[in-house]
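Data block below; observations after.
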């Protein structure tokens, strides 16, 4: 597989380390007026640079809330600091996936890692937020998309933001991710009852593309405007069409012999029963339905990590 084009590279974040909350790399701005508390979170994975660009844009340009509270956080700066241009995918995580350990079982457990230490530091930051935008990117150059638990409050926000025309594809998780607890499902944001506030991931495109960084910045500003924290001109374009996919299954890599039946980058479709991948002694993975759409196929299969998401289109 050819190496990616590195249009955007990491920058030194040491100037942002102190923050103003007592938690490193976390910045909070209170308007002094009633309103929601919105968290913009970047670098949940160390090599997903677009979130860093969006977060530094907010801080460097003195974006401040006119109502409510804005928090801007850089999550996994330790992994970010391990970036190597010769192996640009290697610093996604150091030990654990920081976006799968947000359950009480993990956070209250005895195990230790850089990711668990950072999640425990960030736990009160995430818990305090009413609305969360967690900014991510993908290993392959696919169209951007939202990811969120299938709660009405999340769908309302994502569909309203999607109507702006920047991100019109949705991955909806009716029963969670199936491979751990992501940040956007921590605590009250993982519960269906109540109106706890929206918690969304935006996947902005391939990690190192300038377009992904530009999109991340625009979506962060749109998110703040949607909840009234900033004023932002409404786009003049007509609302774009939107596509929603329901997560059916998260497939894990079980053996070193995992192979896709054909090259995949994401959004390929399969007919019911069609072979998608083989996984050594663990057997075959076949499409569970017609129009089965593969999202986030792994670029490099690693035992114990996610292989792909199997989804189906949702009706309009």
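If I go through the range 120-157 residue by residue, how many of them are without any contact (Cβ under 8 Å) to a residue 60 or more places away in the chain, more than 28 Å from residue 211 (Cβ to Cβ) and surrounded by 16 or more Cβ atoms within 10 Å (Cβ to Cβ)?
Here the count works out to 2.
Residues that are in contact with a helix residue (DSSP H, G or I) (Cβ under 8 Å, 6 or more places away or on another chain) and more than 21 Å from residue 8 (Cβ to Cβ): does the range 40-49 have at least one? I'd like the intermediate steps shown before the answer.
Going through the range 40-49, the residues in contact with a helix residue (DSSP H, G or I) (Cβ under 8 Å, 6 or more places away or on another chain) turn out to be 40-47, 49.
Subsequent filtering for residues that are more than 21 Å from residue 8 (Cβ to Cβ) retains none.
Checked against the condition, which is being in contact with a helix residue (DSSP H, G or I) (Cβ under 8 Å, 6 or more places away or on another chain) and more than 21 Å from residue 8 (Cβ to Cβ), the range 40-49 yields no hits at all.
Quick check: is even one residue across the range 35-47 on the phi > 0 side of the Ramachandran plot, touching a residue at least 12 places away in the same chain (Cβ under 8 Å) and surrounded by 15 or more Cβ atoms within 10 Å (Cβ to Cβ)?
Step one: list which residues in the range 35-47 are on the phi > 0 side of the Ramachandran plot, which gives 35, 43.
Filter once more, keeping what is touching a residue at least 12 places away in the same chain (Cβ under 8 Å): 35, 43.
Narrowing the set further to residues that are surrounded by 15 or more Cβ atoms within 10 Å (Cβ to Cβ) leaves 35, 43.
Within the range 35-47 (the criterion being on the phi > 0 side of the Ramachandran plot, touching a residue at least 12 places away in the same chain (Cβ under 8 Å) and surrounded by 15 or more Cβ atoms within 10 Å (Cβ to Cβ)), the answer is yes, since at least one residue qualifies.
In this structure, does residue 8 turn out to be closer than 27 Å to residue 229 by Cβ, outside the structural domain of residue 195 (by TED's automatic domain parsing) and touching a residue at least 12 places away in the same chain (Cβ under 8 Å)? Talk me through it step by step, then tell me what you get.
Values: closer than 27 Å to residue 229 by Cβ: yes; outside the structural domain of residue 195 (by TED's automatic domain parsing): yes; touching a residue at least 12 places away in the same chain (Cβ under 8 Å): yes.
Here the answer is yes, as residue 8 does meet what is asked.
Any chance the range 86-96 includes a residue that's in contact with a strand residue (DSSP E or B) (Cβ under 6 Å, 6 or more places away or on another chain), at pLDDT 95 or above and surrounded by 17 or more Cβ atoms within 10 Å (Cβ to Cβ)?
Our first condition is that a residue be in contact with a strand residue (DSSP E or B) (Cβ under 6 Å, 6 or more places away or on another chain); within the range 86-96, this holds for none.
Taking every residue of the range 86-96 in turn, none turns out to be in contact with a strand residue (DSSP E or B) (Cβ under 6 Å, 6 or more places away or on another chain), at pLDDT 95 or above and surrounded by 17 or more Cβ atoms within 10 Å (Cβ to Cβ).
Would you say residue 259 is loosely packed, with under 13 Cβ neighbours inside 10 Å and not assigned by TED's automatic domain parsing to the domain that holds residue 147?
Working: loosely packed, with under 13 Cβ neighbours inside 10 Å: yes; not assigned by TED's automatic domain parsing to the domain that holds residue 147: yes.
Taking the combined requirement at face value, the residue satisfies it.
Quickly run through the range 19-34 and pick out the residues that are surrounded by 13 or more Cβ atoms within 10 Å (Cβ to Cβ) and either within 22 Å of residue 49 (Cβ to Cβ) or more than 24 Å from the chain's Cα centre (by Cα) (or both).
Result: 19, 23, 24, 25, 26, 27, 30, 31.
What pairs come up if the first residue lies in the range 56-78 and is outside the structural domain of residue 125 (by TED's automatic domain parsing), the second is at pLDDT 95 or above and not in a loop (DSSP other than H, G, I, E, B), and their beta carbons are under 7 Å apart, counting only those six or more places apart or on different chains?
Within 7 Å, no pair qualifies.
Could you pull out every one of the strands (runs of 3 or more DSSP E) wholly within the range 170-289 that has 2 or more residues that are within 16 Å of residue 132 (Cβ to Cβ)? I'd like the intermediate steps shown before the answer.
Details: elements: 199-206, 243-252, 258-260, 268-270, 275-279, 284-286.
Per the criteria, 199-206.
Based on what the data block shows, is residue 297 within 17 Å of residue 140 (Cβ to Cβ), at pLDDT 95 or above and in contact with a strand residue (DSSP E or B) (Cβ under 6 Å, 6 or more places away or on another chain)? Can you show your working first?
Values: within 17 Å of residue 140 (Cβ to Cβ): yes; at pLDDT 95 or above: yes; in contact with a strand residue (DSSP E or B) (Cβ under 6 Å, 6 or more places away or on another chain): yes.
Yes; evaluated as a whole, the condition is true for this residue.
The values are calculated or read from the model by the stated rules, or taken from the named source; none is laboratory data. The model shown is predicted, which means the values in this text are computed figures rather than measured ones. Heads up, the Cβs are rebuilt from the backbone with ideal geometry, glycines too, and the neighbour counts pull from every protein chain shown.
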